[in-house]
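Student: Below is one structure. I have some questions about it.
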Amino acid sequence: MMRGMYAAISGLSVHQTMLDVTANNLANVDTIGYKAQRTTFVDQLSQQLRAATNMTATSGGTNPTQVGLGVSLGSIDNLMGEGSMQSTGNVLDIAIQGDGFFQVGSGNAGAVPPVLPTSYQYTRAGNFTLNSAGYLTTQNGEYVMGQAQPGAIGGSNPLEYLQIPPGSTGVAVGQNGAVTYVDTGGNTQTAGYLSLVSFPNEAGLERQGGSMWSQTSASGAPMAQGSPQSNNLGTTLSGELEQSNVDLATEFTNMITAERGFQANSRVITTADQMLQTLVSMGQ
């Protein structure tokens, strides 16, 4: 009875976690670039009541007899599948179709020479804007990193800030990440190219809030870094935003499953308690 009660308590705990993850997914159903999560469970160690036996001349042998001791949380996985695209008509709303993350960071773009960020974060939320000096930034103020030439980052093609001089018109972003504008003299200029990054294990990235991710030992170092449509990186779509990849039908199903699992384990605890009360009352 006590084994069953403790097993049920572990069931309550993991189903509560499952409901927490489901609730967070539902809360972020309209969050730009959000990636859903899922929970998996694994069984805990089992108590062995009788070991397995070999076949003998008079017996066919027996299987082990074990009693499970409950359940524990196996993992909370990041589901990195691509979300649907929503058309906005805003040229600085940029979605990635395919692999890759935008690379953003906090540095000093106004210094001479500019001071690049010492660390970077990564995002699929491409709702960008321009600050007062014309630099391309996220809504939280981090600089969106780019490069002067298309292709891979490195050597003569380092990371740099993307700046569109104030007063420019005709801003456009191409599928290859080229950021162009028309200057005050009516000439088309290229501010640079957006820089994307991909990882060996995207699900190993760590959430930092604000639709940002950071590199971890599980994600590995960047596998490819460069402009869109190079090094197997995706294509940039201007005037589009990638929506959350949360599936409402799946989340409502998970919510019902978590609720029923919690109720079932609660009933086990109640039943075990009643059996213990019966044992106590037998001695009276």
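The values are calculated or read from the model by the stated rules, or taken from the named source; none is laboratory data. Since the model is a prediction, treat every value here as computed from it, not as a measurement. Note: ideal-geometry Cβ built from the backbone for every residue, glycine included; neighbour counts use all protein chains shown.
Student: Pull up the range 21-49, narrow it to residues that are among the small types (Gly, Ala, Ser) and either over 18 Å from Ser244 (Cβ atoms) or touching a Lys or Arg at 6+ places or on another chain (Cβ under 6 Å) (or both), then point me to the one that is surrounded by the most Cβ atoms within 10 Å (Cβ to Cβ). Outline the logic, then answer.
Tutor: Keep residues of the range 21-49 that are among the small types (Gly, Ala, Ser), which gives 23, 27, 33, 36, 46.
Filter again for either over 18 Å from Ser244 (Cβ atoms) or touching a Lys or Arg at 6+ places or on another chain (Cβ under 6 Å) (or both), leaving 33, 46.
Values: Gly33: 23, Ser46: 13.
For the range 21-49, the residue satisfying everything is Gly33.
Student: When you go through Leu116, Leu159, Leu205 one by one, which is the residue that is of a type in the set (A, V, I, L, M) and closer than 30 Å to Gln37 by Cβ?
Tutor: Values: Leu116 fails: closer than 30 Å to Gln37 by Cβ; Leu159 fails: closer than 30 Å to Gln37 by Cβ.
Step by step, each of Leu116, Leu159, Leu205 is checked, and only Leu205 is of a type in the set (A, V, I, L, M) and closer than 30 Å to Gln37 by Cβ.
Student: Determine whether Leu136 is buried (at least 18 other Cβ atoms within 10 Å of the Cβ), part of a strand (DSSP E or B) and in contact (Cβ under 8 Å) with a residue 24 or more places away in the chain. Steps first, please.
Tutor: Values: buried (at least 18 other Cβ atoms within 10 Å of the Cβ): yes; part of a strand (DSSP E or B): yes; in contact (Cβ under 8 Å) with a residue 24 or more places away in the chain: yes.
Against the criterion (buried (at least 18 other Cβ atoms within 10 Å of the Cβ), part of a strand (DSSP E or B) and in contact (Cβ under 8 Å) with a residue 24 or more places away in the chain), Leu136 qualifies.
Student: Right, here's the next one. Among residues belonging to the range 52-90 that are more than 30 Å from Val268 (Cα to Cα) and among the β-branched types (Val, Ile, Thr), point out the one that is surrounded by the most Cβ atoms within 10 Å (Cβ to Cβ).
Tutor: Here is the first cut: in the range 52-90, the ones more than 30 Å from Val268 (Cα to Cα) are 53-61, 78-90.
The next check asks that each one be among the β-branched types (Val, Ile, Thr); those that pass are 53, 56, 58, 88.
Working: Thr53: 12, Thr56: 8, Thr58: 5, Thr88: 15.
Among residues in the range 52-90 that are more than 30 Å from Val268 (Cα to Cα) and among the β-branched types (Val, Ile, Thr), the one surrounded by the most Cβ atoms within 10 Å (Cβ to Cβ) is Thr88.
Student: Which number in (1) at pLDDT 95 or above; (2) touching a Ser or Thr at 6+ places or on another chain (Cβ under 6 Å); (3) more than 27 Å from Phe199 (Cα to Cα); (4) surrounded by fewer than 16 Cβ atoms within 10 Å (Cβ to Cβ) marks the one condition that Met18 misses?
Tutor: If we test Met18 against (1) at pLDDT 95 or above; (2) touching a Ser or Thr at 6+ places or on another chain (Cβ under 6 Å); (3) more than 27 Å from Phe199 (Cα to Cα); (4) surrounded by fewer than 16 Cβ atoms within 10 Å (Cβ to Cβ), just (4) comes out false.
Student: Please enumerate the residues belonging to the range 220-243 that are outside any strand (DSSP E or B) and surrounded by 15 or more Cβ atoms within 10 Å (Cβ to Cβ). Step through it out loud before you land on a result.
Tutor: We begin by selecting, within the range 220-243, every residue outside any strand (DSSP E or B); these are 220-223, 227-234, 239, 243.
Residues satisfying the conditions are Pro222, Met223, Ser227, Pro228, Gln229, Ser230, Asn231, Leu233, Gly234, Gly239, Gln243.
Student: For the range 161-219, give me every one of the strands (runs of 3 or more DSSP E) that falls completely inside it and has 1 or more residues that are on the phi > 0 side of the Ramachandran plot and either touching a residue at least 12 places away in the same chain (Cβ under 8 Å) or crowded, with 17+ Cβ neighbours inside 10 Å (or both).
Tutor: Because the criterion is at least 1 residues that are on the phi > 0 side of the Ramachandran plot and either touching a residue at least 12 places away in the same chain (Cβ under 8 Å) or crowded, with 17+ Cβ neighbours inside 10 Å (or both), the strands (runs of 3 or more DSSP E) in the range 161-219 that meet it are 169-173, 188-194.
Student: While we're here: Any chance the range 92-111 includes a residue that's acidic (Asp, Glu), assigned by TED's automatic domain parsing to the domain that holds Ala258 and within 27 Å of Glu206 (Cα to Cα)? Walk me through how you get there before you give the answer.
Tutor: Step one: of the range 92-111, the residues acidic (Asp, Glu) are 93, 99.
With assigned by TED's automatic domain parsing to the domain that holds Ala258 added as a condition, the list becomes none.
No, the range 92-111 contains no residue that is acidic (Asp, Glu), assigned by TED's automatic domain parsing to the domain that holds Ala258 and within 27 Å of Glu206 (Cα to Cα).
Student: Return yes or no: is Thr271 part of a strand (DSSP E or B) and either within 22 Å of the chain's Cα centre (by Cα) or over 15 Å from Gly98 (Cα atoms) (or both)? Let's see the steps before the verdict.
Tutor: Working: part of a strand (DSSP E or B): no; either within 22 Å of the chain's Cα centre (by Cα) or over 15 Å from Gly98 (Cα atoms) (or both): yes.
Answer is no for this residue.
Student: Sort through Val246, Val268 and tell me the only one that's buried (at least 20 other Cβ atoms within 10 Å of the Cβ) and of a type in the set (A, V, I, L, M). Please lay out each step first, then the result.
Tutor: Details: Val268 fails: buried (at least 20 other Cβ atoms within 10 Å of the Cβ).
Result: Val246 is the single residue among Val246, Val268 that is buried (at least 20 other Cβ atoms within 10 Å of the Cβ) and of a type in the set (A, V, I, L, M).
Student: Quickly run through the range 95-133 and pick out the residues that are part of a loop (DSSP other than H, G, I, E, B), out of contact with any Asp or Glu (no Cβ under 9 Å at 6 or more places or on another chain), polar (S, T, N, Q) and farther than 24 Å from Thr169 by Cβ.
Tutor: Thr118, Ser119
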